[in-house]
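Take a look at the structure set out below.
The values are calculated or read from the model by the stated rules, or taken from the named source; none is laboratory data. Quick caveat: nothing in here was measured; it's all calculated off a predicted structure. Using ideal geometry, Cβ is built from the backbone for each residue, glycine included, and neighbour counts are taken over all protein chains shown. Side chains included, ligands, DNA and RNA excluded: accessible areas come from the protein's heavy atoms. Shrake-Rupley method; radii C 1.70, N 1.55, O 1.52, S 1.80 Å.
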Amino acid sequence: MHILITGGAGFLGSHLCDYLLEQGHRVTAMDNLLTGNVDNLSHIRSPEFSFIRYDVTNFIYVQDQVDFVMHFASPASPFDYLKFPIHTLKVGAHGTHNALGLAKAKGAKFLLASTSEVYGDPLVHPQPETYWGNVNPIGIRGVYDEAKRFAEAITMAYHRYHGLDTKIVRIFNTFGPRMRVEDGRAVPNFINQAIHNQDITVFGDGSQTRSFGYVSDLVAGLYKLMMSDQNEPVNIGNPQELTVKEMAETIVKLTNSKSKIVYQDLPEDDPKIRQPDISKAKRVLDWEPKVPVREGLEKTIEWFVKHSQRA
Ligand code: UDP
């Protein structure tokens, strides 16, 4: 297949490019490099790969036949989407509309990268796909949460009204090599702080929970979803739930760091708990995560250490 990945130079997009090329597909990555980076793609030597710098909030024209559109373009860390609130809304709305329009024009299949953020600050735990969520539409995270909720709605509308073969993945916290230190998320922040023996900044009292999955598991799940006949959302994540404080302590231990934990204000609307219910992914995709959090962290730390030496 010829697969177009919007956001192809980002953390997840670039790992997806690697995986799809390995499976023998032709891949075009499209990215405006707002939060993506071509360094994430610079190792790719395949003649089956190409990169187009483009902002998908504008009409997307691709000359060649496209068989699958994977829509991954969006700022994805709270720090980034607070910095680029309008871009985040635009790529979720106009960007998704354009990516769907391209898929329709080409007769291609479509996959939307959605998020556990559609569940907001959840009142149901763990979160199954049937839960409608608890989102503050006018809160600071609303720009991302509502953009992704709109993206899901328009994806289902293209499926129902245009008969497009669409898929929606709800991605839970994912970590691994190529995360940007400056993206401000807990895992890259803590690792960077720990390897430089700086204070580890835990927001709030650190009792809020997240369930962190390693990137290779995520990409394997995405591929199974692509190849499936599932048109309704599927959660992909690792149900191993940790408090943020436990995550900070684990990273300090694994890096043999002298860092100490300091506590800073909890950002507004920060979800208190989050854990994917993955029974649907197990049932319909025969997928479950294989990499324990600790092992994924070791690989990620190794990459960050190498990367910070090169920088
Ligand atoms: N967090 C933290 N310190 C940091 C960055 C994040 O304590 O330096 C917390 C954040 O408030 C949240 C959790 O870690 O409770 C996960 O944050 P992240 O930005 O990784 O993703 P989120 O799940 O909130 O989208």
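The table that follows gives values for the structure above.
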item	result
Verdict on GLU129 being among the acidic types (Asp, Glu), part of a helix (DSSP H, G or I) and modelled with pLDDT of 95 or more	no
Residue match in region 164-173 (condition: hydrophobic (A, V, I, L, M, F, W, C), farther than 23 Å from SER211 by Cα and open to solvent by 20 Å² or more (accessible area, probe 1.4 Å))	no
Check on GLU152, within 14 Å of the ligand (Cβ to nearest atom), within 20 Å of the chain's Cα centre (by Cα), closer than 28 Å to PRO289 by Cβ and crowded, with 20+ Cβ neighbours inside 10 Å	no
Looking only at region 8-39, and only at residues there that are open to solvent by less than 40 Å² (accessible area, probe 1.4 Å) and acidic (Asp, Glu), the one that is nearest to THR57 (Cα to Cα)	ASP31
Residue in region 101-115 that is among the basic types (Lys, Arg), surrounded by 20 or more Cβ atoms within 10 Å (Cβ to Cβ) and under 30 Å from HIS2 (Cα atoms) present	no
Count of residues meeting criterion [within 15 Å of the ligand (Cβ to nearest atom) and basic (Lys, Arg)] in region 213-247	1
Inter-residue pairs, beta-carbon under 8 Å, first hydroxyl-bearing (Ser, Thr, Tyr) and in region 74-99, second within 13 Å of the ligand (Cβ to nearest atom) and assigned to a loop (DSSP other than H, G, I, E, B), 6+ apart	SER77/GLY184; SER77/ARG185; TYR81/SER74; TYR81/PRO75; TYR81/ARG141; THR88/SER74; THR88/PRO75
All positions within region 263-311 that are more than 16 Å from the ligand (Cβ to nearest atom), not aliphatic (A, V, I, L, M) and not in a helix (DSSP H, G or I)	ASP277, ASP286, TRP287, GLU288, PRO289, LYS290, PRO292
GLU249 being charged (D, E, K, R) and either in contact with a Lys or Arg (Cβ under 7 Å, 6 or more places away or on another chain) or crowded, with 18+ Cβ neighbours inside 10 Å (or both)	no
Options LEU254, LEU266, LEU218: the member that is open to solvent by less than 50 Å² (accessible area, probe 1.4 Å), in contact with a strand residue (DSSP E or B) (Cβ under 7 Å, 6 or more places away or on another chain) and among the hydrophobic types (A, V, I, L, M, F, W, C)	LEU218
Total residues in region 73-88, condition open to solvent by less than 70 Å² (accessible area, probe 1.4 Å) and away from the ligand (no atom under 16 Å from the Cβ)	1
Looking only at region 182-209, and only at residues there that are more than 6 Å from the ligand (Cβ to nearest atom) and part of a strand (DSSP E or B), the one that is most open to solvent (accessible area, probe 1.4 Å)	THR209
Test: residue in region 248-262 that is closer than 16 Å to PRO188 by Cα, within 15 Å of the ligand (Cβ to nearest atom), in a strand (DSSP E or B) and touching a residue at least 40 places away in the same chain (Cβ under 8 Å)	yes
